[in-house]
Amino acid sequence: MSQLCTFEVDGVLFGIAATDVQELARSQPITRVPLAHRAIAGLINLRGQIVTAIDLRARLDMPRRADGARAFHVVARAADGIVSLVVDAIGDVIEPPVELRDTVPATAPAALREVALAVYMLPDRLLFPLSLDRVVSLGDRS
């Protein structure tokens, strides 16, 4: 894996390939979509382009964001088009050393194992690189 654009969700550090990231945006008004998958936060209007927003907290079976808590958008290019990942905080672009890479432990929550490519054991915390296509592929999850 090369460079990762990192972000936090519920205090956990995640990343996606920096080459997949189109832009980072502050909180945007989200229009809810009736009967959508629970991980679909809704749609955002990004300078005239309608983009599906996926709430990573819901996608990863994490607790809901506190009311009024600020959210950010990682706008990325997935195989099926542009999507926005709704996250708690934006991090840095880093290139973690390959020698710190390991497989995702079997004890990790199932939702995380489903989308994480690996785990990097950084000096101060863990970093989970995510497969953007697995994140947006909601499958039969309800």
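The values are calculated or read from the model by the stated rules, or taken from the named source; none is laboratory data. Quantities reported herein were computed from a predicted structural model and do not represent experimental measurements. Note that we place each Cβ from the backbone using ideal geometry, even for glycine, and neighbour counts take in every protein chain shown. To get the accessible areas, we keep the full protein, side chains included, count just its heavy atoms, and leave off ligands, DNA and RNA. Shrake-Rupley method; radii C 1.70, N 1.55, O 1.52, S 1.80 Å.
Need the full-extension length gain, Thr103 to Arg64, defined as separation in residues times 0.36 nm minus the C-alpha distance. One decimal, nm.
11.3 nm
Build a GNM of the chain with springs between Cα atoms under 10 Å: which of Ile16, Ile54, Ile44 gets the top mean-square fluctuation?
It is Ile44.
Based only on the alpha carbon positions, what is the Kirkwood hydrodynamic radius of the stretch 6-75, in angstrom?
For the stretch 6-75, inverting the mean 1/r across all distinct Cα pairs yields 13.0 Å.
Based on the Kirkwood radius over alpha-carbon pairs, what is the Stokes-Einstein translational diffusion coefficient of the chain at 10 °C with 1.306 mPa s viscosity, in µm²/s?
It diffuses with D of about 103 µm²/s by this estimate.
Grab the Cα-Cα distance for Val12 and Met121, subtract it from 0.36 nm times how many residues apart they are, and report the gain in nm with one decimal.
Contour length minus the Cα-Cα distance gives 38.0 nm.
Enter the accessible area per residue of the stretch 5-77 (Å², integer; probe 1.4 Å; all protein chains in place).
53 Å²
Out of the DSSP beta bridges found with both residues in the chain, what percent are antiparallel (nearest 5)?
The antiparallel fraction comes to roughly 85 percent.
For the stretch 71-142, max minus min Cα coordinate along each principal axis, in Å, sorted largest first?
33, 27, 22
Relative to the Cα centre, what is the charge dipole magnitude of the stretch 10-142, using +1 at the beta carbon of each Lys and Arg, -1 at the beta carbon of each Asp and Glu, and rounding to the nearest 20 debye?
Roughly 500 debye, rounded to the nearest 20.
How large is ³J(HN,Hα) for each residue in the stretch 92-106, as worked out from phi by the Karplus curve 6.51 cos²θ - 1.76 cosθ + 1.60 (θ = phi - 60°), to whole Hz, x for Gly and Pro?
10, 9, 10, 10, x, x, 4, 5, 8, 7, 8, 6, 5, x, 5
Over the heavy atoms of Asp80, what accessible area does a 1.4 Å probe trace out, to the nearest 10 Å²?
150 Å²
Accessible area of the stretch 44-142 with a 1.4 Å probe: how many percent of it is carbon plus sulfur?
Answer for the stretch 44-142: carbon and sulfur cover 51 percent of the accessible area.
With n ≥ 4 as the cut-off for DSSP H runs, can you work out [θ] at 222 nm for the chain, using -39500 (n - 2.57) per run divided by the number of residues, rounded to the nearest 500?
-2000 deg cm²/dmol
Describe numerically, in nm with one decimal, the distance between label points set 7 Å from Cα along Cα→Cβ at Asp133 and at Ser27.
Calculated label separation equals 3.4 nm.
Compute the relative contact order of the chain as a whole-number percentage, counting only Cα pairs closer than 8 Å that sit 6 or more residues apart in sequence.
28 percent
Which percent of the Cα-Cα distances in the stretch 46-103 go past 12 Å?
In whole percent, the long-distance tail amounts to 75.
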